[in-house]
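First comes the structure, then the notes that go with it.
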Amino acid sequence: MHNKSVAHLVQGLREKQFSSVEVTRCFLDRIAARDSQYNSFISVDETSALAAAKAADKQLAGGDAATLTGIPIAHKDIFCTDGMRTSCGSRMLDNFVPPYDATLIQRFKRDGAVILGKTNMDEFAMGSSNENSFYGPVKNPWNTDLVPGGSSGGSAAAVAALLAPAATGTDTGGSIRQPAAFCGITGLKPTYGRVSRLGMVAFASSLDQAGPMAHSAEDCALLLNTMAGLDPLDSTSSEMPVEDYRARLDNSLEGLRIGLPREYFGDGLDKATGECINVALKELEAQGATLVDVSLPHSQLTIPTYYIIAPAEASTNLSRFDGVRYGHRCDNPTDLHDLYTRTREEGFGDEVKRRILVGTYALSAGYYDAYYKKAQQVRRLIKQDFMDCFEQVDIIAGPTTPGPAFALGAKSDDPIAMYLEDVYTLAVNLAGLPGMSVPAGFVDNKPVGLQLIGRHFDEARLLNVSHRYQQATDWHLQHPAGGQS
Amino acid sequence: MVVNMSIEQDEIEKIAELARIHISGEQIGQVTQRITEILQMVDQLQAVDTRDIEPMANPLDATQRLRTDEVTESDRREAFQAIAPAVEDGLYLVPKVID
């Protein structure tokens, strides 16, 4: 049961091959037996998961099931869950039990899904290796000496290790796609504004976006159908109509034009990873797509642009953690100033503090124009590069990451080396575009991800291309040896 | 404008004060070093010609959607105060600010 896709579980529940209680029990047992190896979950509430599963079984028996009724889903611990701790991987929120559900959680509940648990993550979603969590690092199920990627590393590892059939993640600079690539699963970052951000702890508000992480494009489509859509309570959520993301999955790729940015295939790309990507592109070509050489000339500026904009927005968003209304508070503050500064010293980890300081600096008097405004201007140039490409091609393809997963500890003392991990993913967030990572082979038994980037609101096409690719390949059906049985 | 890329320790202390984060004496040196490296990395942007380029705050250039000014939320003060570190009589408690 644990290696079935969400689509198969939906079908099996409807055909009464098994109950939601059985499915949920199966995954809860797997988490209890195996997650000590991976550390992919921060919180699991068996009692409420099984109660939700029981209610789902009643609905299924009554014939009034919704699209995901009875399906257990793991959620990144960044989404507020009513009555269930939401830590965001931080000591600051270690004691935070939200009094409300994020819109995304409400939508999953509306469509009948069961909350399986809350997954580990880099603190406040800041990181590319999941080593920045207050709850300890997550291990890559393919090889527990390797990082799973980040910041949605717990979600990626849980799905890869078959501890959850699917999960949610968030992606501010690659945090869905990079861990999906490192763990050999399929992950989609939708267009900015496609999924509500209400109740999702804010990191960088003009970049943050939630998306599905699962084994296949078909499962991602199923989850996105639940997640996507206008939320009146999120003023940046989009009014664009939502389509059925499964409707076009099987469309032919005949005539599809795929742009290959030469900047994504340069010196920085690991050779063996590049070879996997080239083989994957050949498969798409064999299905009738045309490969077109394109250029994103401002690519080398994406890291500096991102590392001004994201910290600037983070420093503003994280100013709310003051030890007064919720979350951590230092013991015996001598005065209000001591309360603020010591609460924040104790509550935040090193990387979060670094980004708050960089952001505060970039926004401070005298530096705003040179840093923040400048970065916003370059951000427009980066977006324009993509708009120019999409005049010639339908989607853009390349590697998700410069190479496969690296060893735990290899980059944790060098922030800049860690930032370089996201060189192919950051621009997608700066431009607000949808992007996907699809399993595309292995280098030394480490998964490799193919990245697909689409026009704004063209998620259905990315899912279509990924699905067709997955019909012809079986990379997405391979599971780590430890997770099989 | 000229940006000074080598940031001094006392400047980091000033920024930390603005950000309301206490940094201990033994850590300030390393924090300064790391922040300096990051600022040197982002310094590449200074070379880009951005004359006449409109800054982009929202990737879709969207503007804030407004709603009618109506009360739509119920009063949930008790639920919100139940998760606060210190409250009394419906008020959030902080150390004494004025004598």
Ignoring ligands, DNA and RNA, what accessible area per residue does chain A give at 1.4 Å, in Å²? 31 Å²
How big is the B/A interface in buried accessible area, both sides summed, 1.4 Å probe, to the nearest 100 Å²? 5500 Å²
Contact-by-burial set, segment B:39-55, min loss 20 Å², accessible area of protein heavy atoms with 1.4 Å probe, reference chain alone, gives B:39, B:41, B:42, B:44, B:45, B:46, B:48, B:50, B:53, B:54, B:55
I want the local charge near residue A:77. Using Cβ-Cβ distances under 12 Å, sum +1 for each Lys or Arg and -1 for each Asp or Glu among the other residues. 0
Residue among A:225, A:202, A:409 farthest towards the positive dipole end of the protein assembly as shown, charges placed on Cβ: A:225
Carbon plus sulfur, as percent of the 1.4 Å-probe accessible area of chain A, comes to 48 percent
C-alpha center-to-center spacing [segment A:106-156, segment A:447-485] in angstrom: 19 Å
If all Cα-Cα distances of segment A:246-310 are sorted into 5 Å bins from 0 onward, what percent lands in each bin, rounded to whole numbers? 4, 14, 17, 19, 17, 13, 10, 6, 0
Using a 1.4 Å probe, what is the accessible area per residue for chain B, in Å²? 73 Å²
Computed over segment B:16-99, the convex hull of the Cα set has an average projected area, in nm², of 12.9 nm²
My understanding is that a pair violates if its Cα-Cα distance is over 32 Å; which of A:109/A:446; A:373/A:446; A:271/A:383; A:58/A:118; A:353/B:96 do that in this structure? A:109/A:446; A:373/A:446
Express in Å², to the nearest 10, the accessible area of residue B:15 obtained by rolling a 1.4 Å probe over the protein heavy atoms while all chains stay in place. 10 Å²
In nm, give the distance between the simple-model label positions of residue A:332 and residue B:72, each being 7 Å from the Cα along the Cα-to-Cβ direction. 4.8 nm
What figure, in Å² to the nearest 10, do you get for the accessible area of residue B:43 with a 1.4 Å probe and non-protein molecules left out? 50 Å²
Rounded tilt (10° steps) of B:25-42 against the dominant C-alpha axis of chain B: 70 degrees
Square roots of five times the Cα gyration tensor eigenvalues for the protein assembly as shown, Å: 35, 31, 22
Those residues in segment B:60-80 that give up at least 50 Å² of accessible surface, probe 1.4 Å, once the partner protein chains are present instead of the chain by itself are B:60, B:65
For chain B, find the longest principal axis of its Cα atoms and tell me its angle to the long axis of helix B:9-18, 0 to 90°, nearest 10. 20 degrees
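The values are calculated or read from the model by the stated rules, or taken from the named source; none is laboratory data. Since we're looking at a predicted model, the values are computed, not measured. Methodologically, a virtual Cβ is constructed for each residue, glycine included, from the backbone with ideal geometry; neighbour enumeration extends over all protein chains shown. Only protein heavy atoms, including side chains, enter the accessible area calculation; ligands, DNA and RNA are left aside. Shrake-Rupley method; radii C 1.70, N 1.55, O 1.52, S 1.80 Å.
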